[in-house]
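Read through the structure below, which is laid out as structure tokens, and then see the notes.
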Amino acid sequence: MRRREFITLLGGAAAAWPLAARAQQPMPVIGYLSPGSQDSDVLRLTPLRKGLSETGYIEGRDVAIEYRWADGLNERLPTLAAELVRRRVSVIVAAGTPSALSAKRATATTPIIFLTAADPVLIGLVASLSRPDANMTGVASLAV
């Protein structure tokens, strides 16, 4: 190989390096934990996907979602939550109170976003509504 060809090859590799490095960045992974099933959670998943897309995240293109369904067997939730923690997901979306409690027991570091119909302070999810715990935040649908 002549010197000019070598320099051209080296220059091309150097130019392509940032593109290759960017392409190898891991895709963020959302862990979705539910006491229900894929069919029962359509009303939750549709707005989740819509919200993600509105902020530029399309499932399968910009973000991956790892689903864990308990299929009505709440006793499976602690094991499923632990799987998501071992998988090192970026965040856990906990659909429902049993999922949120299981996720909280499984990790104190992975961010958890919960959706519950119970008072999150009363059931021990957060210390207060104005200042949730370190890795917990979410939405509570409270009706009096």
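The values are calculated or read from the model by the stated rules, or taken from the named source; none is laboratory data. No experiment lies behind these values; they were computed from the predicted model shown. When we count neighbours, we look across all protein chains shown, and the Cβ atoms used for this are built from the backbone with ideal geometry, even at glycine. Calculation scope for accessible area: heavy atoms of the full protein, side chains included, ligands and nucleic acids excluded. Shrake-Rupley method; radii C 1.70, N 1.55, O 1.52, S 1.80 Å.
Below is a table of values for the structure above.
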| quantity | calculated |
| --- | --- |
| Checking Leu84 against (1) touching an Asp or Glu at 6+ places or on another chain (Cβ under 8 Å); (2) in a loop (DSSP other than H, G, I, E, B); (3) touching a residue at least 24 places away in the same chain (Cβ under 8 Å), the condition it does not meet | (2) |
| Test set (1) in a helix (DSSP H, G or I); (2) free of Cβ contacts under 8 Å to residues at least 60 places away in the same chain - Pro98 fails condition number | (2) |
| Meets criteria (in a helix (DSSP H, G or I) and either among the acidic types (Asp, Glu) or at pLDDT 95 or above (or both)) for Glu66 | no |
| Given (1) more than 21 Å from Val42 (Cα to Cα); (2) out of contact with any Asp or Glu (no Cβ under 6 Å at 6 or more places or on another chain); (3) open to solvent by less than 60 Å² (accessible area, probe 1.4 Å); (4) among the aliphatic types (A, V, I, L, M), index of the condition Ala108 fails | (3) |
| Candidate set: the stretch 71-98, residues that are in contact with a Gly (Cβ under 8 Å, 6 or more places away or on another chain) and under 22 Å from Ser141 (Cα atoms); chosen: the one surrounded by the fewest Cβ atoms within 10 Å (Cβ to Cβ) | Gly72 |
| The stretch 33-69, residues that are farther than 16 Å from Ala94 by Cβ, in contact (Cβ under 8 Å) with a residue 12 or more places away in the chain and in contact with a helix residue (DSSP H, G or I) (Cβ under 7 Å, 6 or more places away or on another chain) | Val63 |
| Members of the stretch 101-133 found to be among the hydrophobic types (A, V, I, L, M, F, W, C) and in a strand (DSSP E or B), listed by number | Ile112, Ile113, Phe114, Leu115 |
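Condition check ((1) at pLDDT 95 or above; (2) within 18 Å of the chain's Cα centre (by Cα)) across all residues:
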site: Thr55; (1), (2): no, yes
site: Gly60; (1), (2): no, yes
site: Arg76; (1), (2): yes, no
site: Val89; (1), (2): yes, yes
site: Ala94; (1), (2): yes, yes
site: Ala103; (1), (2): yes, yes
site: Ile123; (1), (2): no, no
site: Gly138; (1), (2): no, yes
